[in-house]
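Notes follow once the structure below has been shown.
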Amino acid sequence: MAKNSMLDVIIVGAGFAGLFMLHRMKQNGFAARIIEAGDGVGGTWYWNRYPGARCDVESTEYSYQFSDELQQEWDWSERYATQPELLNYVNHVADRFQLRPHIQLNTRVTQAVFDDENEIWSVSLDSDEKLSARFCVMATGCLSSANIPDIDGLADFSGEVYHTGNWPHHRVDFSGKKVGIIGTGSSAIQSIPVIAEDAGHLYVFQRTPSYAVPAHNKPLDDAYRAAVKKEYPARREAAQQTRSGMLFQVNPEDAMTVSEADRRAEYDRRWKDGGLAFLGAYNDLLVSRDANDTAAEYIREKIHEIVSDPSVAKALSPDTVVGCKRLCVDTGYYETYNRSNVSLVDVKASPIERITEQGLRTQAEEYTLDTLIFATGFDAMTGALLKIDIRGRGGRSIAEKWEEGPKTYLGLAMAGFPNLFIVTGPGSPSVLANMMPSIEQHVNWITDCLTDMRAKGRAVIEADQVFEEDWVSHVNATAGKTLFPTCNSWYLGANIPGKPRVFMPYLGYPAYVKKCNNVAAADYEGFSFA
Ligand code: FAD
Ligand code: NAP
């Protein structure tokens, strides 16, 4: 590691975003360093080592496209790669592009302060070291700040406690044990079927049921891989034109304009194919409640077909809007409830009262547990950023600026915080699209901006307040035209008590990419330079 503490760019986070940012900085001759809290690279895929963890965007799409050599040399083994395979891939990228000498692991950024006079960022680390840089890029992740709900008695529990987003590196042994899992979002839905195979008994504490569609994961063979490799450029280009950043087709029809039989056939086809493509069955699924109800009813019927006990099937059946929370993609989730060693506990009907020394007590019953798993999600999109004491012009903190919810221009930058960028920040499509192209687009945009500034002798860039306000209004107005704000999702911050209820990601891929390109082409419209 180079010892100089004055850098061009400090990048916080060594996930997919931070690593690609570092690569682009190196390529363009900027002195850059990544600071990463974990003791390895990979971000999401470093931390989320829970049983069953894998991507829900197909591996051949959930991967970098910036290097054709990388695309050609990497062989994905399954339709949806497992966490270990994704972690191998990230490590391969770090080695292949010689990134490691510029990554400082085991180090957390605690504070970043903009020095108005000298126009540099002063960054404090938990190692007591201080670094300075002209630019800061926050690649801190949207789903990287684990949420452990405040339930009385947690400290009293004598068994093992885990959070899916901070899973230990050793194998956790569930054999013969009484295991409790709180939560039924994507992480729980992936891990429950795997844990159930080992556990003596698994209690699933469900507050709100989720909709899940089958993954139909499968191994990829050489012929398929070769075909994809040949078509990579065209596939990537085609995915850029879709609203999900993924290749699946969105049916241009509206659900209520076709017959019930046709609708069923379309849902059957998508259920059989598996994956997030289910949401593309009709164009209006996330704008029309009537349309959405048809998809919801279809999934509820499937749950009743799969789960043998009708009362359990009923408890597993959501009555919310499909896709309003992230649609879960499962392997054998509903089937797991047919096992005799799995019990669903409805903690909406009978809320959790407290955690005890022996286990967990709901209003109705006490459960003795050896192991308690929190699959309770994340303080999404803003959590990791707000954990850092970021101070812009005049010492104003990001916590003050975002008191009523996050405010950014394009999800990339903030008025009052010059020379600071966020990768896939709130106000950008981010988690609503395939994250890999979203990350690459942001990193490329930031890189172009920095090289352009260097060429033009510009030292400081800052988002204009008025453009930021307009953008925030536009993001809200866009979400308001859809069904997204109708449920208590983490997109809205509704999973964290006291968090302002604001729809954080921008529903606008791929038009958003065009908007960013137009802003750059208009000499960074909406930004000022000093
Ligand atoms: P991250 O991978 O979250 O990396 C951020 C890094 O920043 C972390 O390593 C963290 O330790 C570090 N960091 C944060 N704060 C600090 C600090 N103060 N100091 C130092 N380091 C810090 N998206 C998809 O598109 N498709 C999927 O299939 C998919 N599956 C997912 C599965 C799981 C279990 C989860 C949790 C998320 C999934 N996502 C998926 C979203 C996923 O987060 C992104 O796809 C992507 O991995 C994010 O990369 P990133 O580099 O932006 O952030
Ligand atoms: P999540 O979707 O936020 O789910 C958290 C779960 O915990 C919810 O069921 C929630 O119930 C429950 N919960 C939270 N606090 C609780 C409390 N106090 N008492 C009882 N239950 C409580 O989190 P996640 O499952 O970790 O997923 C987060 C995101 O990561 C996903 O949406 C997805 O984007 C990504 N992810 C993707 C995959 C993949 O398939 N590739 C896998 C995992 C994660 P309520 O709904 O009632 O709040």
Let me confirm something: among Gln358, Gln363, which residue is within 16 Å of ligand 2 (Cβ to nearest atom) and of a type outside the set (Gly, Ala, Ser)?
Gln363
If you check Ser63 against the conditions, is it within 11 Å of ligand 1 (Cβ to nearest atom), farther than 30 Å from Val179 by Cα and not acidic (Asp, Glu)?
yes
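Out of region 143-176, which residues are of a type in the set (Phe, Trp, Tyr) and within 16 Å of ligand 1 (Cβ to nearest atom)?
Tyr162, Trp167
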Of the residues that make up region 336-353, is at least one modelled with pLDDT of 95 or more, over 30 Å from Gly176 (Cβ atoms), among the aliphatic types (A, V, I, L, M) and surrounded by 15 or more Cβ atoms within 10 Å (Cβ to Cβ)?
no
Hey, any hits in region 376-387 for a residue that's in contact (Cβ under 8 Å) with a residue 40 or more places away in the chain, within 16 Å of ligand 1 (Cβ to nearest atom) and among the basic types (Lys, Arg)?
yes
Restricting to region 173-198, give me the number of residues that are more than 16 Å from ligand 2 (Cβ to nearest atom) and either surrounded by fewer than 21 Cβ atoms within 10 Å (Cβ to Cβ) or acidic (Asp, Glu) (or both).
7
When you check Thr140 against the structure, is it out of contact with any Lys or Arg (no Cβ under 6 Å at 6 or more places or on another chain), within 16 Å of ligand 1 (Cβ to nearest atom), under 14 Å from Gly377 (Cβ atoms) and in contact (Cβ under 8 Å) with a residue 12 or more places away in the chain, yes or no?
no
Residue satisfying condition, being within 25 Å of the chain's Cα centre (by Cα) and buried (at least 18 other Cβ atoms within 10 Å of the Cβ), within set His216, His201, His170, His163
His163
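Name every residue in region 71-96 that is within 15 Å of ligand 1 (Cβ to nearest atom) and either over 18 Å from Arg236 (Cβ atoms) or of a type in the set (S, T, N, Q) (or both), in order of residue number.
Glu78, Tyr80, Thr82, Gln83, Pro84, Glu85, Leu86, Leu87, Asn88, Val90, Asn91, Ala94 - these are the residues of region 71-96 that are within 15 Å of ligand 1 (Cβ to nearest atom) and either over 18 Å from Arg236 (Cβ atoms) or of a type in the set (S, T, N, Q) (or both).
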Given the condition surrounded by fewer than 16 Cβ atoms within 10 Å (Cβ to Cβ), under 24 Å from Lys272 (Cα atoms) and free of Cβ contacts under 8 Å to residues at least 40 places away in the same chain, answer yes or no: does some residue in region 313-326 qualify?
yes
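For (1) of a type in the set (A, V, I, L, M); (2) surrounded by fewer than 22 Cβ atoms within 10 Å (Cβ to Cβ), each residue gets a yes or a no:
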| position | (1), (2) |
| --- | --- |
| Ser438 | no, no |
| Cys449 | no, yes |
| Ala459 | yes, yes |
| Lys499 | no, yes |
| Ala522 | yes, yes |
Of the numbered conditions (1) closer than 25 Å to Phe248 by Cα; (2) touching a Pro at 6+ places or on another chain (Cβ under 9 Å); (3) of a type outside the set (A, V, I, L, M); (4) within 13 Å of ligand 1 (Cβ to nearest atom), Asp68 satisfies every one except a single condition; which is it?
(4)
Condition check: away from ligand 2 (no atom under 12 Å from the Cβ), of a type in the set (Lys, Arg) and buried (at least 19 other Cβ atoms within 10 Å of the Cβ). Does Arg270 satisfy that?
yes
Report those strands (runs of 3 or more DSSP E) wholly inside region 328-375 carrying at least 3 residues which are more than 16 Å from ligand 1 (Cβ to nearest atom).
342-346, 352-355, 359-362, 366-368
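The values are calculated or read from the model by the stated rules, or taken from the named source; none is laboratory data. Everything quoted here is computed from the prediction, not taken from an experiment. As a convention, Cβ positions derive from the backbone with ideal geometry for all residues, glycine included, and neighbour counts pool all protein chains shown.
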